[in-house]
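Below is one structure; the comments refer to it alone.
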Amino acid sequence: MHPLNKNRPLRRVILASAATVSGMVMLLALKPHTAPTVITGSAATAPSAAPSAGASASPGASSGSGGSGKSGSSSGTRTVTGDTVQTRWGPVQVKVTIRSGKITDVTAVQYPSDNPRDQEINQYALPQLRSEALAAQSASIDTVSGATYTSQGYQQSLQSALDSAGL
């Protein structure tokens, strides 16, 4: 006779309960996909105070001869820091150097680096993202395979820096 036949109904109840509990634990352990969120330094005044929106990483958002918004961006060199974008694996923030209206340098100020895997991923992803941004001269860049969250945060922070610079 089979061990789960009618002479042992308690055993069937215990096995069914254990299977149900295991299934619920596995469902609750799943992490839902969440979109990156942007953390801004100032509340509602960020668009009106464009040159100083990213002043947390540098003392001034603009340097060089120009300091009056769009008119100064065409002649001097300015460095603008983008918003900090909180991704699933950590914050991402970039700093953009603009000379004569063109992006001349993009530097990652903050990026996920808490563990060796983050460091390994960003070691190859950040140079690719930088070269894409310099080639495109905009935040419309390709996502690096294997570094999707960092790429999305990089793009959003870069776009906020370009918006602050008036490009």
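FYI, it's all coordinate maths here, none of it is from the lab. What you are looking at is a predicted structure, and each value in this text was computed from that prediction instead of being measured.
Once you have the Cα-Cα distance between Leu27 and Asp118, take 0.36 nm times their residue separation minus that, and quote the gain in nm to one decimal.
Result for the pair: 30.1 nm of gain on full extension.
Which whole number of Å³ per residue matches the convex hull of the alpha-carbon atoms in region 120-167?
About 60 Å³ per residue, rounded to a whole number.
State the extension gain, in nm to one decimal, for the chain segment bounded by Ala16 and Thr104, taking 0.36 nm per residue of separation less the distance between their alpha-carbons.
25.3 nm
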